[in-house]
Amino acid sequence: MADGTEALEPKDIPHDADIYISTGEPFLDSFKKIKDHLSLMKKVTWTMNGLVLPTGAKRRKTKPVLSNHMKKLTEKSSFRILVFKNCSGQDGYEIIAAQDQTEKFLDACTIRMTLTSPAKHLYNIHGEKIEDLSSVPLLDKCLQNSITPLRGPVWVSKGEGFSPSGAKMYIHGVLLALHQRLKSAKNYCKQMDFAIDGQRGEITEKGILSMTTEELYLEQEKVNKLIEELQAAIKSYKGHLSKLAPQLQAEQEQCVSYVYQHIKRLPANMVLPQGLQLKVYENGKDTGEILVYITKKEMENNCRNQPRVMMERLLHMIHKKLQYSADFKPTGLNLIPARLFDEKGQEIKNPLLLKNEQKIWVSYGKDYRSPLNRVLSLIFDRVTTAEKDGITVIYKTLLDPKVDLLPGCDNWEACTEFPDNFQCTNHQILQNLEKVDMDSHFIQYKADPQIVFHVSVAMDKMRKTLSRRKDYRDLRVPSTLWPLANMWLITKAGMILSRAMVQSCLAIGHPIRVETDDGTSLEGYKLTVQKRDKSSIYQHWGFGNDGSIYCKAYPEFVLTYLEELNVRDEVTQMEHHIHHGAWSTAHQEIESSAAEEVTVLSQRQVLQKNINNPSQKQLSGPLDAHLMPAGPLRETMQLTVALVRKLEEKHPKASAQRWAIKHEGTTKPDQWKHSKVENPLWNKLTYMWPVLPNGELNEDFDWPIEGLLVPNSPSLKKPAGKKSDWYIPVRLRALHNGDRNKSKAITIIGPDVTNMLNRQHIHPEKKQKTKANQKMYPDEDPGMEIYKIEFQHFLDKCTAMLNLPTAARRLFTEKGMELFLLKDLERDQLVYVSCGEPWIDPHLTMAQHKKRLLLNNLASDISAIHTYCIMCNPEILVLGVRSNIAAGAKLFVDRGLVAFEEEKLTEELQENQTEEIFLNIKDDSDLNSHAKSHLKTDAWHMKSKYSWQESSCDFHDDDSFPKDKDKEFCENAELFQKYRPQLKLNVELQKAHHQQFEFRDKQIINCAFPGLVLGVQDANLHSGTEVLLVEKKPDDTNQHWIWRDHDRTFHLMSDPNLVLAVSMPSTQTRDSKCALDMKGCVVVLQKYKEYSNGAANQKWHYMENAGVFSAFYSTILDQEITAANHASVCTFSVTNREKIDQPGYYFLSPNGKQKFMICLACARAIRGKKELKKLPAGSMFFCASGSEEAGHFSLGPFKCVNVMKTDLSTLEAENTLNYLEEVLASLRTETSIQTISEKISAAMNQKAVKIIAYRNGAGYRNGQLIIASTFPMMLTMCTRQLELTRKACRLYTSDGILILTLPDLVTWAVNEYFRQSDSEEDYKERPAITDSAEDGTALHMKDKYMEKVKIKSELPLMTPDSLNMIDDSLFTIILRNPIEVWVSCGEPFLPLDALQKAARQEKQNWLEKDKILAALDAMKHKMRQLQGRRITAFKPSTFVPTKSPVQPVVVEGGWTEETQEEMKLMENIQHTETHFSEVQASQFKRSSPFSSKLLSSKHRCLYDQPSTKRVWAYRNGYKPEQGVYAWGKTISELLDNCTTRLNMQQPAKALYTPDGEPLQSWDEIERDMLLCVSAGNPFLSRTGN
């Protein structure tokens, strides 16, 4: 019993008693030490001489209160390590690392030091590798910079070797710092010697002069100790530097190659393969060039001139190069590049055609996008004039780059003709320049009339600003003068104005004729720029509902992008014309015969060659034609845009006449949203169109429209297509897994897979192939691959936008259902993104999360064990064909149609059958001896037959034709046999043909179709290549197999290292509901495993008589090890400490002395954490995961189950699995019952309560509405929504009442409601009393009122227990309005008007100080005036003789002597400043309500103990070890602190000793006392719980 009494019978044990069970040892009181300690503490007394023990008690050795386990938990297992980059000794980093987590430390180094690749190795100062962080030495004491010790230094390497130059740099820096400190320390020591010797005149340190003699000696001792430490450290670092001397010399000799010594050198005679250097751009861009170097040998390796395979390898190599480039950001759907294009937009399909330094564009699944985004833009050319033979000729000339011009239309004047105030230049100087038509419009610089520009229109790249070109051949004005040269304003009247020059607009020009590459001639008009004229019809434009732009003067001609039509460089312009391009009928009749054509050459041809053709004619006036002087042609620039007759709608180049207005700028945001275009692609590209689909003007626009004119725009009408052609990307709201705050959800738009879906529907041949493949392989669905790519791309977006620590892997809905595709989700649906962990319900607490995580880990381990149990006991599986027997059919393993029996049982059956037949033959006396001998021979050779080998006599009624009767009606018996109805094979017989093979002439031949054999078609043979049925070829080594009887394996003749094997089923979906089945596993090629165990899937048994290949024909141990390796189960659980031959790896301990050998499953679990090396074949070992030495390495593939305690041997595997499943079921039941009970209790006990929460002391500012059904949830939501720095633990009402439970809050609200109702009634009754006359009736009413008030005051208040008495409707009315509460983190309640009072007080203080400061400033200003006047007067002083021999002459008066007024004013200033300081001190004492406690005038005596007591408190029913420290000055304060520290759901109300005695007074509680805290329940012992 608890008192030590031994219980011999059940009746000796009382009800609910605590009992202690012994295995034979005497009774041990678990509370004896605590009781003795408490009793001793009561008898101990404190004196001035120290602690006095009672008589009879001996002083024992002091023991810590905490146990060894608690010590280990409280000890700091982390280090501060000084880290440098390899080859560097400056700019070190202090990184905190755990003791046994070297990998995490390397990851932290990679992040903190921003390394370009992951950190891999650590080196000490001597260049030795560091495997264990605990071996990193501490820095010298004189180099420590804080209380926490600093270790190091270490150098981090990304894989290269150690560079001693970094250590040398560090040592030199440390030595320099140490020498400086040593020098200063010696100087200080010298000063101390002067002080001790009494030579105070030599001392320069002021602090030494104030020291006493004892302090001087102590300080001198410290300085001498510091000097010794510094000298020792200098000597140590010099020793380090001498040890590094050989390495430094070697590095100096080998230079950069020193750190790469571990890399093998190439042989000198080796010929290096030729490589390619490609310039890679992102699709649709011509900037951001990335150089990629590719080796042709690597690209062509094992490809056998197959362009498709080489192309896939090239794309993969480019992806490897681009993924490390920070500037390259793919915008496609695939994870790796999918397509390549050249400069002309042609897709590259053969990598052998690539050339060095070639430019290529990378696409991640989308079609080619031209990097040259052309838009309609203005071109400015400076022009000048010259006179020749009386004729003025206009030329284009160069612009001086030194001339500063001001942009903007206010600084330029538009001219309809060349300005008259321009001074002509010499003609001979300009004769080689390009001429300009006199009819053109010009602009003249107002500040300098000699600067004139000719404005024209051309297609230019889309850019906002361009740098000034320095090439002398460029005659154009830099676009920096007009940064908006490509911006246009479309007015409501139909004019297209230039945003750069608002006076200029687009107009139709001269008629021209253009020729395309195919010889087609097109007539049209030139597009020009003219001065704006609202009355001119040639400047008004119309917009069609098909995307065309036309001039209203000639509606049949539309604006056309000529480069899209492949127009030649030569453009023909008609000679005779009238102004604005209008032909004159009279001139056409008179001069039609003399009409000539003028060839317009390009600008480059004009600069290279001077063409002199005097026979050419030009028109200089609007109606008359004149002869031009001999010389170059006038306009020689190649046209890129003009007005051409409208093409047909289905013309292949019809897009050249389709334009769009692209929204640019911020002046009118969201203007593009008013566009009414059917095609949704326009909204995606932010395109606009000014007319509606019916051709009317769109009035919704904010006219004028501003934007770019872009050619080749998409069709305005929505193309008729399938539903998949218009797949709209889904928009979802994403949160991190387990995040509770839905307001933090980030909107993420899924990828656009429209192009991929369109490509799938465009190619019908591929679609037919897909259907054919689906018939042959029904398990594969290629149509879902696009949606899987979309899902994966969406996860990648989530990783970046949610800033996840690792890549996103899984997606869940709000209810926890896992998602695998995005196509069925709704718009703006909330999803939770996981990095691989299971679903975390955001409504659960942390404890529930831990329980769920534990259950998931246990379920994962049980699933692995379940998979192992299925795999280690495979059924009788045989080789078979998956689909129809044809060339290209896949092979798999399936259950045999006939149950195979052991050979002994078969032999016994055969003997029994033979004996029975012999007896029957002997009994049959009708047969002669010859017949009997034949029957005995047949019986002796009789064998068991398969179902397909037996002749079936069972037919359907429809198929059982009477043979003889049908034959009688047919005259020809041969035709009857040929065309008679054939009997259908049953299903089993058809399946049997798929499983029957024959091994002959080193080929595995199908018995049903001998022309088909087992082989491989892929030329690039590797492990995992599928084995197929192929057409028989005697000379093909990929169809021949070598049978090794002792290994029971089939080796491929072309590569004997590859064997026929069964691919094990995937275990990735082992958590799903679908059961794992070995049936249906594909037959593939695998590398031969030279192990006795672990290769059961490569073992076969060929039964020649039956024609069947049986799989997994091996020992039971081999099958178990194979299943364990594939199911991620440690082989130690299977074989325990028995050493067997199995595949495995090994790694060395941190000191390099111990070798740990582990199995494949364990190696897969710690891959990347240890440096693993493969064990050679024939190694006999058992897995080290079960050894005690490797316990601290956290080996083993299990997440929850202990490897050493899990028995998965042949006889115990099923029992272990059943036991673990029962444990999991019970835990799940317990968790679900607990969760349900919590929900039910929460729903039954309390309804949801609404509160308005304010911060304590904040008054009524920044309140937050919170709705909660439990008090802990309410506190948690208050902490989160009020953004408190600490956890909320208290609630206060407006009158300062502390609220610790939800019923207390509801009770206060009910009482407050009743109090307010009574106060309203009193307010209504008071006026009736006061207004009545002073008579007896009034006095009677007053007495009655006072009696009523007295009765109300005596009524008892509501308590939490009496809430059930309130009507539900009244209760709902009371709780309808939110309750105002103030949230505290532990501090006492602050009144609501505390901040207002503090603000008023602070304002009053400032006014008081401001008044004093103003008076002080006025007096100081007056003082400065008086001093200035005195100095300005410069009044001389007088010398007065005296009789004193010390000072015979005294100086009186003068400008240097202060006046009486100045001295009086200075005295007032000093008094005012003193008063100001006193006011500041008094204001500080009464500044705020918070400082009253801090500035308390009560001072404790020197030896008075504080009133606060510290105790060790634990919850009622729990163990004392689970307690925490709590403090308090009173019992109520101690109870409040226990409630907070122990995270109790209900407030603490009672304190007990460990024996169960209640504590009522504060005097009964001692310091460091062990207390049990209860929320009102009676005392419970730790065993009773």
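The values are calculated or read from the model by the stated rules, or taken from the named source; none is laboratory data. What you see is a predicted model, and the numbers here were worked out from it, not measured in a lab. Cβ sites come from the backbone with ideal geometry, for glycine too, and all protein chains shown count toward neighbours. For the accessible areas, the whole protein counts, side chains as well, though only heavy atoms, and no ligand, DNA or RNA atoms are used. Shrake-Rupley method; radii C 1.70, N 1.55, O 1.52, S 1.80 Å.
The table below lists the values:
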read-out	value
Distant-in-sequence amide H partners of residue 1208 (H built 1.01 Å from N, under 5 Å)	1134
Positive minus negative residues near residue 284 (Lys, Arg vs Asp, Glu; Cβ under 12 Å)	0
In the range 66-136, GluC sites (Glu not before Pro) in a DSSP loop with at most 11 other beta-carbon atoms within 10 Å	75, 128
Loop-located GluC sites (Glu not before Pro) in the range 1024-1126, at most 14 other Cβ atoms within 10 Å (DSSP)	1090, 1104
Added length on full extension, which subtracts the Cα-Cα distance from 0.36 nm per residue, residue 3 to residue 1033	361.5 nm
Loop-resident sites, the range 649-694, for chymotrypsin sites (Phe, Trp or Tyr not before Pro), counting at most 16 other Cβ within 10 Å (DSSP)	none
Spacing of the two label points (7 Å from each Cα toward its C-beta) at residue 55 and residue 1101, in nm	9.3 nm
Over the range 1360-1413 - Rg/Rh using Cα atoms and the Kirkwood inverse-distance radius	1.36
Count of lysine pairs in the range 94-172 with Cα separation under 22 Å (8 or more residues apart, or interchain)	10
Dimensions (Å) - the range 1089-1153, Cα atoms, principal axes, largest first	60, 21, 19
Accessible surface, the range 1071-1134, averaged per residue in Å² (probe 1.4 Å)	38 Å²
Principal axis box of the range 1255-1298, alpha-carbon based, largest edge first, Å	23, 20, 19
Residue pairs, from the table 744/1549; 42/1529; 742/1519; 264/1169, whose Cα atoms sit over 30 Å apart	744/1549; 742/1519
Alpha carbon centroid spacing (whole Å) that separates the range 106-131 from the range 161-176	16 Å
Residue pairs, from the table 61/222; 890/1099; 11/32, whose Cα atoms sit over 23 Å apart	61/222; 11/32
Charge dipole (debye, nearest 20) of the range 1025-1158; +1 at Cβ of Lys and Arg, -1 at Cβ of Asp and Glu	540 debye
Lys/Arg +1, Asp/Glu -1 at C-beta; the range 19-143 dipole; positive extreme among 78, 97, 123	78
Net charge of Cβ neighbours under 15 Å - reference residue 1395; Lys, Arg +1; Asp, Glu -1	+2
Of 653/718; 35/63; 718/788; 673/717; 492/531, those spanning more than 22 Å from alpha-carbon to alpha-carbon	718/788
Mean Cα-pair separation over length for the range 112-262, i.e. relative contact order, pairs under 8 Å, 6 or more apart, %	27 percent
Protection-proxy order for peptides 79-89, 1528-1538, each taking the mean of Cβ atoms within 10 Å per residue, highest first	79-89, 1528-1538
Karplus-derived 3J(HN,Hα), 6.51/-1.76/1.60, for each residue of the range 803-815, Hz, glycine and proline x	6, 6, x, 10, 5, 5, 10, 9, 9, 9, 8, 5, 8
Sequence ranges 1284-1291, 39-46, 252-259, ranked by mean other-Cβ count within 10 angstrom, highest first	1284-1291, 252-259, 39-46
Cα Rg, Dmax, the range 994-1098, angstrom units	14.9, 48
Proximal charge balance of residue 1384 [Cβ under 9 Å; K/R count +1, D/E count -1]	+1
Overall Cα dimensions of the range 1110-1193 - principal axes, largest extent first, Å	48, 24, 21
